[in-house]
Amino acid sequence: MDYRMLLKKYKQYIFGGIILLIVACSIIVFFLVNATSNKQPDDELAIPLFSSSQSNETESYSQQIYVDIKGAVVKPGMYEGNANMRVWDAVMLAGGVSDTADTKQVNFSERIVDQMIIYVPKIGEEVEVPEKSSASQESQSKDTSKINLNQASETELQTLPGVGQKKAQEIIRYREENDGFKSIEDLKNISGFGEKTFDKLKESITT
């Protein structure tokens, strides 16, 4: 068999096959590279989104408070909770209410605060609620509407006049590094909060 004759006869088919093979390999490599480059941004975006959500959740649950639970509960005593808990959640920490509890006299949906006393009366027991003077009620109403520098989130701090995201972050950084604000005047220790800025904020903040 004369291979030179065969090569000469079929050389156009051989060259055509080689060219097609090269083109096919180029297309496969192109799609692989393109798929890898498109996938990378999605992975990068997923990381900061998850980190931001996790950070907010951690911050929300880091505000530890203590409540004293008394009365008709299974295990009366002092319990540690967080700012997102309700009276019902705190009572569950104490083992729940006992069989003699009069649950109609307790507002289980109320949000708990630090140093709060939760008293669950027994059936037939009347709990006296001390009357508050109008001045006391007005003072309490004002304190409730104020932003607590030691508990407010970054979003809540930005509701203050003249406080944007950067200043809110500085407030949170200061309280974390200094074990909280001892008084509202400590706000002036932060860069950007001078006397004029403080005067605008002092009626809207508390510690």
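If we keep just the residues of the range 94-108 that are crowded, with 17+ Cβ neighbours inside 10 Å and of a type outside the set (Gly, Ala, Ser), which is farthest from Val127 (Cα to Cα)? Among those residues, the one meeting the criterion is Val97. Cβ-Cβ distances below 7 Å connect the following pairs, each with a first residue in the range 161-174 that is more than 11 Å from Ser191 (Cα to Cα), a second residue that is in a helix (DSSP H, G or I) and open to solvent by less than 30 Å² (accessible area, probe 1.4 Å), and a separation of six or more residues or different chains: Pro161/Leu201; Val163/Leu157; Ala168/Leu157.
Out of everything in the range 69-88 that is crowded, with 16+ Cβ neighbours inside 10 Å and without any contact (Cβ under 8 Å) to a residue 24 or more places away in the chain, what residue ends up being farthest from Asp114 (Cα to Cα)? Result: Pro76. Screening Arg175 against (1) surrounded by fewer than 17 Cβ atoms within 10 Å (Cβ to Cβ); (2) of a type in the set (D, E, K, R); (3) not in a loop (DSSP other than H, G, I, E, B) leaves a single unmet condition, (1).
The values are calculated or read from the model by the stated rules, or taken from the named source; none is laboratory data. Being a predicted model, the structure only gives us computed values, none of them experimental. Because the Cβ atoms are built from the backbone with ideal geometry, glycine has one as well, and the counts that use them run over all protein chains shown. Just so you know, the surface numbers come from the protein's heavy atoms only, side chains and all, with ligands and any DNA or RNA stripped out. Shrake-Rupley method; radii C 1.70, N 1.55, O 1.52, S 1.80 Å.
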